[in-house]
Amino acid sequence: MKQETRLQSGARRWSAALMVSTALIVFLPTASALKWAEPSHRVQPDRGLPKWQPSALEVEPEESLNVVGADVMDEMTLGWVKMMRRAYPRLSVTMEARASGSGGPALTEGLAHIATVGRELLPAEEQAFITRHGYPPTAFRVATGSVGSLGKTAASIVMVDRENPIACLSLPQLDAIYAAEPRRGLSPIRTWGDVGVTGEWARRPIHLYGLRHPNGIEWYFRQLVMNGGPYRDGIEFVRGRGHVHAFNVAAEKMADKPGGLTYALMANLQENTRAVPLSFETGGQCVLPTTRTVYDHSYPLSRFVYVVVNVAPGKRIEPKVREFIRAVLSFEGQKQVADDRVYLPLTPEILKAELARLDSLSQ
């Protein structure tokens, strides 16, 4: 009961902070992540996904299940919360959707049982949890990010000049382009000729743009493409300007200085730029981001969003937390994702893998 009292007290403090942060939202510049996006697909969850049959839960009087995290995931999170409330009417299921950055700290401090995070945890967030608890948090993939909706964990793209003839880039090539110490087996790449471009472009140096950390897009790119390695010198780390997004600034600079390359989002494409097809391996299938390729993750820079929980090594996951995740990883839970029409439901293969991880923590 002491833990529940502390959670409830903390929830009241976070609710007050939420009212203040909500009042300030109207003053944020449009360069910030958007909290709402137009529907962009009609993908439904696979009919073969398991149906949710709620397990029996012993619920103490006034017992709570607190969900804290991403405001950009609020629609589908509310759907999951309602599923739990209907199945367990005596369980007080609460939800606070502030920002992805609020979930990790709330979980670390014991103010949340579940954190919803619209990106991978940043190093400082994970380290704070480890420092407090002595082991890392446990993250489950619960949906695929959007194709190109700004602020909705959009798939990353690689953006170049529209006139650049490069036909495809692989993840090992991108590692060799960005990394000080490439970790995917290739030697450093510095010119467009190094990736097979001929003619006048062959001698042009690749001028790189990027974002300074901490930033979710930058962290994702560095981990996935560069295996966490350091950047090489000479990268121009861009900033937003007023209402102009940082990657739009990069696009403007590329118009004046041919030969540029940056990771970005579909929403950042300008008339003078285009997205490059990508492959997992050099010489592999080259893929552009579409609804289908992001859904099935054949596009290499497709992303996930997460539910993060606290499970001590050698311990079973708390039953009510397990049941929430079971609900999310069901046909009904993925229907909540699909009905958002921005995020994409998980494929059967990915969902099966996450359920297996959950089962291993429940025994």
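The values are calculated or read from the model by the stated rules, or taken from the named source; none is laboratory data. None of these values were measured; they are calculated from a predicted model. Note: ideal-geometry Cβ built from the backbone for every residue, glycine included; neighbour counts use all protein chains shown.
Out of the stretch 44-83, which residues are in contact with a strand residue (DSSP E or B) (Cβ under 7 Å, 6 or more places away or on another chain) and among the hydroxyl-bearing types (Ser, Thr, Tyr)? Answer for the stretch 44-83, where residues must be in contact with a strand residue (DSSP E or B) (Cβ under 7 Å, 6 or more places away or on another chain) and among the hydroxyl-bearing types (Ser, Thr, Tyr): Ser64, Thr77.
Determine, yes or no, whether Glu218 is surrounded by fewer than 16 Cβ atoms within 10 Å (Cβ to Cβ), free of Cβ contacts under 8 Å to residues at least 60 places away in the same chain and not small (Gly, Ala, Ser).
So Glu218 fails the test.
For the stretch 65-182, which fully contained helices (runs of 4 or more DSSP H) count at least 1 residues that are out of contact with any Leu (no Cβ under 8 Å at 6 or more places or on another chain), closer than 22 Å to Leu355 by Cα and not acidic (Asp, Glu)? Quick ask: steps written out before the conclusion?
Numbers: elements: 74-87, 100-108, 123-133, 171-178.
Helices (runs of 4 or more DSSP H) meeting the threshold: 74-87, 100-108.
Out of Val117, Val68, Val72, I need the residue that is more than 14 Å from the chain's Cα centre (by Cα) and not charged (D, E, K, R). Which one?
Values: Val117 fails: more than 14 Å from the chain's Cα centre (by Cα); Val72 fails: more than 14 Å from the chain's Cα centre (by Cα).
None of the others qualify; the one that does is Val68.
Pick from Arg239, Arg222: which is modelled with pLDDT of 95 or more, not in a strand (DSSP E or B) and not aliphatic (A, V, I, L, M)? One residue alone meets the criteria, Arg222.
Each row is one residue, and each column tells you yes or no for (1) in contact (Cβ under 8 Å) with a residue 24 or more places away in the chain; (2) in the same structural domain as Phe280 (by TED's automatic domain parsing); (3) among the small types (Gly, Ala, Ser).
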| residue | (1), (2), (3) |
| --- | --- |
| Met84 | yes, no, no |
| Ala87 | yes, no, yes |
| Met95 | yes, no, no |
| Gly101 | yes, no, yes |
| Gly110 | yes, no, yes |
| Pro123 | yes, no, no |
| Ala128 | yes, no, yes |
| Arg132 | yes, no, no |
| Ile166 | yes, yes, no |
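Within the stretch 75-123, the set of residues being charged (D, E, K, R) and surrounded by 20 or more Cβ atoms within 10 Å (Cβ to Cβ) comprises Glu96, Arg119, Glu120. In the condition set (1) touching an Asp or Glu at 6+ places or on another chain (Cβ under 6 Å); (2) aliphatic (A, V, I, L, M); (3) outside the structural domain of Gly48 (by TED's automatic domain parsing), Leu329 is compliant with all but (3). Report the residue count in the stretch 95-148 for those that are over 30 Å from His41 (Cβ atoms), among the β-branched types (Val, Ile, Thr) and touching a helix residue (DSSP H, G or I) at 6+ places or on another chain (Cβ under 8 Å). Of the residues in that region, 1 qualify.
Of the candidates Arg292, Arg303, Arg326, Arg316, the single residue that is over 17 Å from the mean Cα position of the chain (by Cα) and surrounded by 17 or more Cβ atoms within 10 Å (Cβ to Cβ) is Arg326.
Has the stretch 100-114 got any residue that is modelled with pLDDT of 95 or more and of a type in the set (Ser, Thr, Tyr)? Yes: one or more hits.
Please go through the stretch 45-81 and give me each residue that is hydroxyl-bearing (Ser, Thr, Tyr) and under 18 Å from Phe331 (Cβ atoms), ordered by number.
Taking the stretch 45-81 and keeping what is hydroxyl-bearing (Ser, Thr, Tyr), we get 55, 64, 77.
Once the filter is applied, which keeps residues that are hydroxyl-bearing (Ser, Thr, Tyr) and under 18 Å from Phe331 (Cβ atoms), the stretch 45-81 yields Ser55, Thr77.
All conditions but one from (1) under 22 Å from Glu252 (Cα atoms); (2) in the same structural domain as Pro277 (by TED's automatic domain parsing); (3) touching a residue at least 60 places away in the same chain (Cβ under 8 Å) apply to Ile206; the one that does not is (3).
Rundown of residues vs (1) in contact (Cβ under 8 Å) with a residue 12 or more places away in the chain; (2) in the same structural domain as Pro45 (by TED's automatic domain parsing); (3) of a type in the set (Gly, Ala, Ser), yes/no style:
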site: Val294; (1), (2), (3): yes, no, no
site: Asn310; (1), (2), (3): yes, yes, no
site: Lys315; (1), (2), (3): no, yes, no
site: Lys320; (1), (2), (3): yes, yes, no
site: Lys335; (1), (2), (3): yes, yes, no
site: Pro345; (1), (2), (3): yes, yes, no
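Counting just the residues of the stretch 241-275 that are under 21 Å from the mean Cα position of the chain (by Cα) and closer than 23 Å to Gly199 by Cβ, which one comes out surrounded by the fewest Cβ atoms within 10 Å (Cβ to Cβ)? If you could, list the steps in order and put the result at the bottom.
Kept after step one, since they are under 21 Å from the mean Cα position of the chain (by Cα), are these residues of the stretch 241-275: 245-248, 262-269, 275.
From the residues that got through so far, the ones that are closer than 23 Å to Gly199 by Cβ too are 262, 275.
Values: Thr262: 27, Ala275: 19.
Per the criteria, the residue is Ala275.
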